[in-house]
Amino acid sequence: MKFHPIDMNNWSRKPYFEHYLHNVRCTFSMTANIDISLLLAELKSRSFKLYPALIHMLTTVVNRHSEFRMSYDSDGILGYWESMSPSYTIFHQDDKTFSSIWTAHHDDFHEFYRRYLADQDEFGGIKQFIPKSNEPPNTFPISSIPWVSFTAFNLNIYNEGTYLLPIFTIGKFFRQTDRILLPIAVQMHHAVCDGYHASLLFQELQSLADDYAKWFPEK
C-alpha cells in the first residue's frame, strides 16, 4: 500500500494539474466498445465468469500507469499508489439492490479469481452497501449495468471535483456481425489524465482481450 508523493516543483504535469484543478476544474468521460469475442468464447468453454475477468483486466491496466493511480493520501498530499485493487458492485436479484465489495488484486489471474470467488461466498449475500469492511485507500471503483448496451455514460460527483481516480462502468455486451462487443465507460479527472491516457487505456484493454492466452491460466 505504498504511496509516492508528487514533487510538484519537478513534475512536468504541474501546469496542467493546476489549470484543471483550480482554474477550470474538469472531469471527462469516454465510452468505447471492446471486442471480447475470443475472450468470451474461451471463458465459456472453461466455465469462468466474465465479470471477474474484466475486473482483473481493468486492474491490470490501472496498475501499469501512475496516471490512473493518482490520489490524495489521508494528509491531503498528492501522489500515486504503488498498486491498486478493485472495488466493484454486485447485484442482489431478489430486491434489486447492490453492494460494493473489494478484492485484493493479484497479478496472477487464477489467484485473483480464487480471491474473487471467496469474497462472493463470504460477502455476496449480505445486504449492505459495503458488506466487506476495512477497505484500503488504494482501491478504485468499478460498476456494471449489464442490462443496457449503452453508447455513452456520465457520472456527476459532487465532492468539489477533487476525486482523481478513474471510475469504470461496464455495460451489456452485444453482437455486431461476427463480433461480440462490450461497452466500457471511464470517467477521469483532466487534472491527471488527458484523452491520450484514456485512449491508451482502451487500447491496452483490447490487447488483453485479444491476447488472453498470455494471462489466462492454462488448461
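Accessible surface area normalised per residue over the chain is 52 Å², counting heavy atoms of protein chains with a 1.4 Å rolling probe. Take the Kirkwood radius over Cα pairs of region 147-219, plug it into Stokes-Einstein at 20 °C and 1.002 mPa s, and you get 148 µm²/s for translational diffusion.
Relative to the longest principal axis of the C-alpha atoms of the chain, give the angle of the C-alpha long axis of helix 50-62, reported between 0 and 90° and rounded to the nearest 10°. Around 30 degrees separate the two axes. Shown here for region 116-219: GluC sites (Glu not before Pro) in loop regions (DSSP other than H, G, I, E, B) with at most 13 other Cβ atoms within 10 Å, namely Glu160, Glu218.
Against the chain, whose longest principal axis is taken from its Cα atoms, helix 109-123 shows a tilt of about 90°. Ligands, DNA and RNA left out, the accessible area of the chain computed with a 1.4 Å probe is 52% carbon and sulfur.
For the chain, the relative contact order comes to 31 percent (Cα pairs under 8 Å, sequence separation of at least 6). With both residues required to sit in region 113-192, DSSP beta bridges show an antiparallel share near 70%.
Take the Cα of Ser45, step 7 Å toward its Cβ, do the same at Tyr196, and the gap between the two points is 3.9 nm.
Each principal axis of the Cα cloud of region 1-79 was evaluated for its coordinate range; sorted largest first, these ranges are 52, 29, 20 Å.
Spherically averaged projected area of the convex hull of Cα atoms, the chain: 13.2 nm². The 3J(HN,Hα) values that the Karplus relation (6.51, -1.76, 1.60; θ = phi - 60°) gives for region 125-141 are, in residue order, x, 8, 8, 9, 4, 10, x, 9, 7, 6, 5, x, x, 8, 10, 10, x Hz. Gly and Pro appear as x. Among 48-59, 24-35, sorting by the average number of other beta carbon atoms lying within 10 angstrom of each residue, highest first, gives 48-59, 24-35.
Helix 195-210 and the long axis of the chain differ in direction by around 20°, with both axes built from C-alpha atoms.
The values are calculated or read from the model by the stated rules, or taken from the named source; none is laboratory data. All of these numbers come straight from a predicted model, not from anything done at the bench. Here Cβ is always computed from backbone atoms with ideal geometry, including for glycine, and neighbour counts include all displayed protein chains. Side chains included, ligands, DNA and RNA excluded: accessible areas come from the protein's heavy atoms. Shrake-Rupley method; radii C 1.70, N 1.55, O 1.52, S 1.80 Å.
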